[in-house]
Amino acid sequence: MKGKVAIITGSSRGIGAAAAKLLAGRGAKVIVNYASNASAAENVVASIRENGGEAAALQADARNAEQMNGLVSETASRFGTVDILVHNAGMNFVQKSFEDMSWEEFIQKTNDELQAAFVSTKAVLPFMKKQKYGKLVYVSSALGNHAAPLFISHGTSKGALNSFVRYIAQEFGGAGITANIVSPGMVDTDATASIPEAFKQQQATRLPLGRIGQPADIARAIAFYASEDSSYLTGTYLPVSGGGEM
């Protein structure tokens with residue numbers, strides 16, 4: 001990835017931070033995007049630079065067109081263009097049963113999820129179309145295909161994201177732009193820190209590989225789609241779940 005320029009939304013921690021470090025380690029110039037946690041983003045940048053990589057932290061809400069357009073313009077100003085977008089920004093959601101949930105609570109996650117994907121993609125496309133090259137990688141969830149109690153708003157939003165990506169892949173393939181989905185199972189991040197360890201271990205025993213995922217596991221799949229190794233793949237869905245989606 002030497003010389004490639006990557007924007008990774010929501011990369012101040014967890015999967016995004018792991019992806020930022022890995023892509024930078026493989027030669028990409030990386031924009032570490034964050035919504036509010038500037039110190040965490042700067043820590044990721046510091047780690048990248050300490051290991052000889054090139055990176056910068058830029059704030060933007062992935063749902064905000066003005067902010068994302070500004071982030072992309074700043075990226076191009078610093079590094080010349082944009083070659084890779086990893087859409088990883090996480091959106092909060094209500095965990096309730098369908099019976100207890102209001103329409104507003106239900107649709108909020110899907111609205112935020114698709115708005116962030118729509119806005120981020122729209123912001124980078126002019127650069128990718130101009131150079132006839134681009135790698136779009138979207139982080140989804142196994143819950144977009146498999147139901148779990150209290151996760152109806154989250155799972156529905158990720159199912160919608162999966163459909164969105166296929167349409168982007170179809171429309172822009174002729175412009176040299178690929179769009180693919182990385183779909184993690186349970187991953188050991190801040191987002192799952194509140195889940196009891198006993199439950200995580202129980203889930204691990206049900207997986208063919210016998211453990212829940214680590215951010216680095218997902219980052220390696222993201223790096224595959226961001227590299228030339230995936231040049232003939234677009235519109236694909238890759239479960240990264242230790243065999244859990246079987």
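Let me spell it out: the conditions are (1) closer than 25 Å to Ala18 by Cα; (2) polar (S, T, N, Q); (3) surrounded by fewer than 16 Cβ atoms within 10 Å (Cβ to Cβ), and Asn162 meets all of them except one. Which number is the exception?
Result: Asn162 passes all but (3).
Please enumerate the residues belonging to the range 120-143 that are surrounded by fewer than 22 Cβ atoms within 10 Å (Cβ to Cβ) and assigned to a helix (DSSP H, G or I).
Lys122, Leu125, Pro126, Phe127, Lys129, Lys130, Gln131, Ala142, Leu143
For (1) aliphatic (A, V, I, L, M); (2) buried (at least 19 other Cβ atoms within 10 Å of the Cβ); (3) in a helix (DSSP H, G or I), each residue gets a yes or a no:
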site	(1), (2), (3)
Ala18	yes, yes, yes
Gly27	no, no, no
Val30	yes, yes, no
Ala46	yes, no, yes
Asp61	no, yes, no
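Looking only at the range 186-211, filter to residues that are farther than 14 Å from Gly14 by Cα and within 22 Å of the chain's Cα centre (by Cα); which one of those is surrounded by the fewest Cβ atoms within 10 Å (Cβ to Cβ)?
So the residue we want is Ser194.
Does the range 187-197 hold any residues that are assigned to a helix (DSSP H, G or I) and farther than 17 Å from Ala148 by Cβ, and which are they?
Asp190, Glu197
Give me a count of the residues in the range 95-116 that are part of a helix (DSSP H, G or I) and either out of contact with any helix residue (DSSP H, G or I) (no Cβ under 6 Å at 6 or more places or on another chain) or surrounded by fewer than 21 Cβ atoms within 10 Å (Cβ to Cβ) (or both). Working first, answer last.
So in the range 95-116, the residues part of a helix (DSSP H, G or I) come out as 103-116.
Then keep just the ones that are either out of contact with any helix residue (DSSP H, G or I) (no Cβ under 6 Å at 6 or more places or on another chain) or surrounded by fewer than 21 Cβ atoms within 10 Å (Cβ to Cβ) (or both); that gives 103-108, 110-112, 114-116.
Of the residues in that region, 12 qualify.
When you go through (1) more than 24 Å from Glu66 (Cα to Cα); (2) out of contact with any Ser or Thr (no Cβ under 9 Å at 6 or more places or on another chain) one by one for Thr121, which number turns out not to apply?
(1)
For the range 85-94, state whether one or more residues are surrounded by 13 or more Cβ atoms within 10 Å (Cβ to Cβ), within 17 Å of Lys4 (Cβ to Cβ) and of a type in the set (A, V, I, L, M, F, W, C).
Yes, because at least one residue in the range 85-94 is surrounded by 13 or more Cβ atoms within 10 Å (Cβ to Cβ), within 17 Å of Lys4 (Cβ to Cβ) and of a type in the set (A, V, I, L, M, F, W, C).
Go through the range 94-111 and give me each residue that's under 18 Å from Val139 (Cβ atoms) and touching a Phe, Trp or Tyr at 6+ places or on another chain (Cβ under 8 Å).
The answer is Lys109, and nothing else.
Bear in mind these aren't lab numbers, they're just calculated from the coordinates by the rules spelled out. Predicted, not measured: the structure shown is a model, and the values here were computed from it. Because the Cβ atoms are built from the backbone with ideal geometry, glycine has one as well, and the counts that use them run over all protein chains shown.
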